[in-house]
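Okay, structure first, notes after.
The values are calculated or read from the model by the stated rules, or taken from the named source; none is laboratory data. These figures come from a predicted structure and were not determined experimentally. All Cβ positions, glycine included, derive from the backbone under ideal geometry; neighbour counts span all protein chains shown.
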Amino acid sequence: MLTDPTTLDALRRHHLFDKLPPGAFQEVAQLANHRRLEGGDTLFHQGETADRFYLLLEGQIVLTRVLLEGNEKLVEAIRPGHSFAEALLFSGTRHYPVTARAMKASSLISIDGAHYRRLLEAQPSICLKLLASFSIRLHQRLNEIDTLTLANASRRVVRFLCQEQEAADGQIRLSVPKRLIASQLGMQPETFSRILHRLIDAGLIAMERRSIRVLDRPALASYSE
C-alpha cells in the first residue's frame, strides 16, 4: 500500500491514473507498492508471469529480450516518469516478453495489473483517453522500425544520433552500454564503435566516455559512406 504523499502524487499525475475517479485511484494505491532496486538488480525475467506493471520514479530500467539465436537485444530504456509493461494488460499476454533490469539504483511503483484492468472495464470513457498516450508509443516504435529498415549501418547510427540529439536538446548521453544500443540498431558492437570513430574522424561528433556532442548537425544528417 502506498502512503507517502510524494509517491502518491507522482502516481496520480501519470497519464494512466490522472483520469481515475478518487475512489478508483484509492483502490489502485492500496494494492500498489513501492520498490527499490540496486544497480544490476533484475525486476522480472523474460517468461515470468506478467501480473504487475510499473512506474519508474528514479533511476533507469532497461528492457531486454533474448532472441532465439541467443543474442540479447535492447527493447527500451525506461526513464523516470515513464511506465512499462502496462500494454500486456490489453494484449492478453500472460508472460513478460522481456527482462527488466536496473542500470543504477532505482525507485519505482508496482501496480496490480488485473485490478487496474477491471477498473478500466468499469470506466470505458477513460479507455478512450488512454488511446492518445498509447499512440505516442506506437509512433516511437514506427520510428525504430524505419531506422532498422535502413540497409546501411552508418545511416542507422546517424539516424539514431539525430533522434537522440533532438530528444536530449543537443547533448547525447549513452545511458546504456554500447552493446545494447548496437543490438537495438541491428549490428555488432564492434560495428557501432567503428562507425562512431569514423564520425569523430570526420569532425561531425565529439565523444567523451558516454557523452556525445554533435558538432555539425546538417553534415551529420547527410552523412553516408
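Key figures for this structure:
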| read-out | value |
| --- | --- |
| Residues that are in contact (Cβ under 8 Å) with a residue 12 or more places away in the chain and of a type outside the set (A, V, I, L, M), drawn from segment 202-225 | G203, R210, S211, R213, D216, R217, Y223, S224, E225 |
| Every residue from segment 52-102 that is among the hydroxyl-bearing types (S, T, Y) and either buried (at least 19 other Cβ atoms within 10 Å of the Cβ) or in a strand (DSSP E or B) (or both) | Y54, T64, S83, Y96, T99 |
| Given (1) modelled with pLDDT of 75 or more; (2) not assigned by TED's automatic domain parsing to the domain that holds L43, index of the condition F90 fails | (2) |
| Residues of segment 9-28 satisfying the condition of being assigned to a helix (DSSP H, G or I) and farther than 21 Å from P80 by Cβ | P22, G23, A24, Q26, E27 |
| Counted residues, segment 82-109 - those being of a type in the set (S, T, N, Q) and under 17 Å from H14 (Cβ atoms) | 3 |
| Within segment 34-51, considering residues that are in contact with a Lys or Arg (Cβ under 9 Å, 6 or more places away or on another chain) and not in a loop (DSSP other than H, G, I, E, B), the one surrounded by the most Cβ atoms within 10 Å (Cβ to Cβ) | L43 |
| Residue check, L55 free of Cβ contacts under 8 Å to residues at least 40 places away in the same chain, touching a Gly at 6+ places or on another chain (Cβ under 9 Å), within 17 Å of H115 (Cα to Cα) and assigned by TED's automatic domain parsing to the domain that holds A114 | no |
| Check on A32, more than 11 Å from I111 (Cα to Cα) and of a type outside the set (S, T, Y) | no |
| Close pairs from segment 24-43: first in contact (Cβ under 8 Å) with a residue 12 or more places away in the chain, partner in a helix (DSSP H, G or I) and of a type in the set (K, R), Cβ under 8 Å, at least 6 apart | F25/R12 |
| Within segment 109-225, strands (runs of 3 or more DSSP E) holding 1 or more residues that are at pLDDT 85 or above and touching a Ser or Thr at 6+ places or on another chain (Cβ under 8 Å) | 171-173 |
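Every residue, every condition in (1) touching a helix residue (DSSP H, G or I) at 6+ places or on another chain (Cβ under 7 Å); (2) of a type in the set (D, E); (3) more than 22 Å from L180 (Cα to Cα); (4) assigned by TED's automatic domain parsing to the domain that holds P124, yes or no:
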| residue | (1), (2), (3), (4) |
| --- | --- |
| H15 | yes, no, yes, yes |
| N33 | no, no, yes, yes |
| E38 | no, yes, no, yes |
| Q46 | no, no, no, yes |
| R65 | no, no, no, yes |
| R79 | no, no, no, yes |
| G113 | yes, no, yes, yes |
